[in-house]
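Peer 1: What follows is a structure written as structure tokens; I'll ask about it next.
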2 protein chains.
Amino acid sequence: MADDDTGGDATPFELPPGRAASIRDVARVAGVSYQTVSRVVNDHPSIRPETKQRVLDAMEQLQYRPNRAARMLVTSRSKTFGILTSNRHHYGPATSIRAIEEAAQESGYSVVTKNLTATDDASIVQALDHLADQAVEGLVIIAPQVRVLTAIERLSLRVPYVTLQSTGEAGSHALSIDQVAGARLVTRHLIELGHRSIYHLAGPQDWIEAEARMRGFLAEMSDNDVPTTAPILGDWTADFGYRAGRELLRFRDFTAIFSSNDQMALGLLHAVREAGLDCPRDISIVGFDDIPEAAHFAPPLTTIRQDFAEIGRRCVALLFAQLEGRDADLPAIEPTLLVRSSTARPAF
Amino acid sequence: MADDDTGGDATPFELPPGRAASIRDVARVAGVSYQTVSRVVNDHPSIRPETKQRVLDAMEQLQYRPNRAARMLVTSRSKTFGILTSNRHHYGPATSIRAIEEAAQESGYSVVTKNLTATDDASIVQALDHLADQAVEGLVIIAPQVRVLTAIERLSLRVPYVTLQSTGEAGSHALSIDQVAGARLVTRHLIELGHRSIYHLAGPQDWIEAEARMRGFLAEMSDNDVPTTAPILGDWTADFGYRAGRELLRFRDFTAIFSSNDQMALGLLHAVREAGLDCPRDISIVGFDDIPEAAHFAPPLTTIRQDFAEIGRRCVALLFAQLEGRDADLPAIEPTLLVRSSTARPAF
DNA sequence: TCGTCGAATGTGAACAGTCACATGACTGCG
DNA sequence: CGCAGTCATGTGACTGTTCACATTCGACGA
């Protein structure tokens, strides 16, 4: 049953050196038609196990690799998602990206990330353009989202997209992680400790999560009838936190600061120390994100932990849902409060 | 001159809804052959400016986008580089990745990053496989490099690759950033301050840069006839630094520690503080990398700054050099020492 | 005046897959 | 015993682009 194949003679079949094996080469070696090989590759049900094995062997022998380009061309599906990110070295985004990559790959998708260097409209458009060139089938946006969103509208990209954080308004585009709830959580923690004058060091306001955290802060404060001052708009960096802290400490008309992320909180801590004050004795500071370093700050930072990996996974799930035209309604992920040593009752 | 085109009548030419415009559609609208359109796209020299404009207009009108897949198929060039990374959220790698993406894109290349979750051989092979599926033309490796390198050998990948850090030995594959020099720099700094018992908290030894930094440390120590103890092998995390610090402080038979990266130094700082000691009065600590947060540690960290962006750019340059078969000999980048407040003369 | 050259453009065939349809063999049923 | 139906496999056409090779046309030198 084995020696009836076409020309099963001494020629071990070698292909021209430069070229990689194609489906047809495999077919020839296995003694079947190229279509059969294609069926094996896509494991079509009706194929004899014996034939399948023969094809598999041939593939092994020729080191066959399906050609993505050809498949992409004919199916006009790139099996690629794009991620638009701007500060990827931040812990949260980076963790999510990793999870996205993994989840995507499980479904045979790959991921192209594009970094936004500047946040002006021109570079946003250029970045989206680049992603469009890759024929991405879906988009995850971890960037100054409001601007990107309008750019997408303007370019009339016909691609499903997901923003990493809840917009509070949008339907299937936004991932409902309750940033607002997280912000309320830390704020309540401070209030319960007895703080009555609390500053908020916010993130850039074109970031939806920055805006959501700020909303949560303001809501919790007003719910508890604590008067608020205008939030300070930062840029996520420790440097900014430091400078803001120095500025703030010139007056010292507060007992606590809620920083919209952990990096800025680090800068704040630095400024407090430099002013000869002690956190948490004189001033309580809380962060947001729980980066792996936060536990080793001086003092270890009270913060909000978010499950960034889970967020990433959900991004992919949502994208697939949109691709398949169904509505995936994922329950919101609840952030958790991590009380460490940077918060205490106010001194007076 | 404008109304002599073929059939410039009332049909505005619309293509079947689902399909995107192809080179042939553009050709029809512009009244030229598809080859001419192809020439315009690749800006071939001999094409009449007038014709070119007509084609350009048609492209604009149809919102034409060249189809990557088709081009890839026929040229068998993916115009894609792969990055294999393992701890991308670390500042250094992340910064380099961004620079790589940018530099690549300038030459019309895109970048696919693949994250290594586990560092066992199986997942390395799987990751390389995934990258190979994308038909990447070059590879940048930011990962436990020695293992990856052997995996590449074993898979007989015929792709030029660059490792982010100097191996000290390899030729054109390795990027010569002088890790050894950097390590010598900090070590000398400590020695010059008067330290004679210095511990080294190293990175995982399958990371080439970890190994190089350790080599630099040992070399500088022995050059100055300072006796050394065996380096402690860490995992780059602040958590590890903290635990190692606690362990080390039980004996306190040293006056300084050189940590192979800033994160571990942060953990060390934490342990020192917790032991009721002061850095730098009791113990000096130095890091490596100069992450943006290092300036805000308690105390601000003395460390080695590396130009990660420049490294990224060079990766791409090297890759192109390898692709074109020429030898690019880039001068090494010299790291610089940043003295902040975590180092001082030893107390006794 | 004619062949030659180069510029500008067109034609056919590849590239490596998938899809729709066709074919042949075998099974089960009336 | 013939016919329908399924299983296993094969054939031809098509995807959007580039490459190698025509073809046309005007200019120019012999």
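Peer 1: Identify, by number, the condition in (1) under 11 Å from the mean Cα position of the chain (by Cα); (2) in a strand (DSSP E or B) that A:K114 doesn't meet.
Peer 2: (1)
Peer 1: If you scan region A:177-217, which residues turn out to be in a strand (DSSP E or B) and either touching a Lys or Arg at 6+ places or on another chain (Cβ under 6 Å) or under 26 Å from A:S86 (Cβ atoms) (or both)?
Peer 2: Within region A:177-217, A:I177, A:Y199, A:H200, A:L201, A:A202 meet the criteria.
Peer 1: Condition first: among the polar types (S, T, N, Q) and out of contact with any Leu (no Cβ under 9 Å at 6 or more places or on another chain). Now tell me which residues in region B:19-44 satisfy that.
Peer 2: Matches in region B:19-44: B:S33, B:Q35, B:T36, B:S38, B:N42.
Peer 1: Restricting attention to region A:107-139, report how many residues are touching a Leu at 6+ places or on another chain (Cβ under 7 Å) and closer than 18 Å to A:I208 by Cβ.
Peer 2: 5
Peer 1: Would you confirm, using the coordinates I've provided, whether B:Q105 is under 22 Å from B:N42 (Cβ atoms), without any contact (Cβ under 8 Å) to a residue 24 or more places away in the chain and not aromatic (F, W, Y)?
Peer 2: Considered against the rule, which asks whether it is under 22 Å from B:N42 (Cβ atoms), without any contact (Cβ under 8 Å) to a residue 24 or more places away in the chain and not aromatic (F, W, Y), B:Q105 comes out as yes.
Peer 1: For region B:21-30, give me each residue that is closer than 24 Å to A:S76 by Cα and near DNA strand C (Cβ under 9 Å from one of its atoms).
Peer 2: Result: B:A27, single match.
Peer 1: Looking at region A:270-290, is at least one residue among the acidic types (D, E), over 20 Å from A:H195 (Cα atoms), within 12 Å of chain B (Cβ to nearest Cβ) and assigned to a loop (DSSP other than H, G, I, E, B)?
Peer 2: For region A:270-290, residues among the acidic types (D, E), over 20 Å from A:H195 (Cα atoms), within 12 Å of chain B (Cβ to nearest Cβ) and assigned to a loop (DSSP other than H, G, I, E, B): absent.
Peer 1: Within region A:49-63, is there a residue that is near DNA strand D (Cβ under 10 Å from one of its atoms), closer than 23 Å to A:L323 by Cα and either small (G, A, S) or surrounded by 18 or more Cβ atoms within 10 Å (Cβ to Cβ) (or both)?
Peer 2: Within region A:49-63 (the criterion being near DNA strand D (Cβ under 10 Å from one of its atoms), closer than 23 Å to A:L323 by Cα and either small (G, A, S) or surrounded by 18 or more Cβ atoms within 10 Å (Cβ to Cβ) (or both)), the answer is no, since none of the residues qualifies.
Peer 1: Considering only region B:31-110, give the helices (runs of 4 or more DSSP H) lying wholly within it that have at least 2 residues that are within 12 Å of DNA strand C (Cβ to nearest atom).
Peer 2: It comes to B:34-41, B:49-62, B:68-75.
Peer 1: Just to be sure before I move on: is B:A230 on the phi < 0 side of the Ramachandran plot and either of a type in the set (V, I, T) or within 14 Å of chain A (Cβ to nearest Cβ) (or both) in the structure I sent?
Peer 2: It is false that B:A230 is on the phi < 0 side of the Ramachandran plot and either of a type in the set (V, I, T) or within 14 Å of chain A (Cβ to nearest Cβ) (or both).
Peer 1: Quick one: in region B:35-48, of everything that is among the β-branched types (V, I, T) and more than 14 Å from chain A (Cβ to nearest Cβ), which residue is nearest to DNA strand D (Cβ to nearest atom)?
Peer 2: Ranking the qualifying residues of region B:35-48, first place goes to B:V37.
Let's see how each residue does on (1) at the interface with another protein chain (Cβ under 9 Å from one of its Cβ atoms); (2) more than 34 Å from the chain's Cα centre (by Cα):
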| residue | (1), (2) |
| --- | --- |
| B:A30 | no, yes |
| B:V55 | no, yes |
| B:T95 | yes, no |
| B:D121 | no, no |
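Peer 1: Which numbered condition in (1) more than 9 Å from every other protein chain (Cβ to nearest Cβ); (2) part of a loop (DSSP other than H, G, I, E, B) is the only one that B:P299 fails?
Peer 2: B:P299 satisfies every listed condition except (1).
Peer 1: Being crowded, with 16+ Cβ neighbours inside 10 Å and within 15 Å of A:S197 (Cβ to Cβ): is that true of A:T255 here?
Peer 2: Yes; evaluated as a whole, the condition is true for this residue.
Peer 1: Sticking with this one: State the number of residues belonging to region A:126-146 that are more than 11 Å from every other protein chain (Cβ to nearest Cβ) and surrounded by 17 or more Cβ atoms within 10 Å (Cβ to Cβ).
Peer 2: So the answer is 10.
Peer 1: Oh, and also: Could you tell me which of the residues B:L84, B:L62 is touching a residue at least 24 places away in the same chain (Cβ under 8 Å) and within 30 Å of B:G203 (Cα to Cα)?
Peer 2: Matching residue, one of B:L84, B:L62: B:L84.
Peer 1: While we're here: For region B:121-139, state whether one or more residues are among the acidic types (D, E), more than 16 Å from DNA strand C (Cβ to nearest atom), closer than 21 Å to B:S156 by Cβ and part of a loop (DSSP other than H, G, I, E, B).
Peer 2: No, region B:121-139 contains no residue that is among the acidic types (D, E), more than 16 Å from DNA strand C (Cβ to nearest atom), closer than 21 Å to B:S156 by Cβ and part of a loop (DSSP other than H, G, I, E, B).
Peer 1: Being at positive phi and either within 30 Å of the chain's Cα centre (by Cα) or modelled with pLDDT under 95 (or both) is true for just one of A:D289, A:D225. Which residue is that?
Peer 2: Unique residue meeting the criteria: A:D289.
Peer 1: Turning to a different aspect of this structure: Out of the residues in region A:97-113 meeting the condition of being within 7 Å of chain B (Cβ to nearest Cβ) and closer than 15 Å to A:L131 by Cα, tell me which one is surrounded by the most Cβ atoms within 10 Å (Cβ to Cβ).
Peer 2: Taking the candidates together, the pick is A:T113.
Peer 1: Let me ask something additional. Looking only at region B:291-348, how many residues end up being under 23 Å from B:T255 (Cα atoms), surrounded by fewer than 16 Cβ atoms within 10 Å (Cβ to Cβ) and of a type in the set (G, A, S)?
Peer 2: Selection size over region B:291-348: 2.
Peer 1: Out of curiosity, is B:D253 out of contact with any helix residue (DSSP H, G or I) (no Cβ under 6 Å at 6 or more places or on another chain), within 14 Å of chain A (Cβ to nearest Cβ) and modelled with pLDDT under 95?
Peer 2: No; evaluated as a whole, the condition is false for this residue.
The values are calculated or read from the model by the stated rules, or taken from the named source; none is laboratory data. On a predicted model such as this, the values are computed, not experimentally measured, just so you know. All Cβ positions, glycine included, derive from the backbone under ideal geometry; neighbour counts span all protein chains shown.
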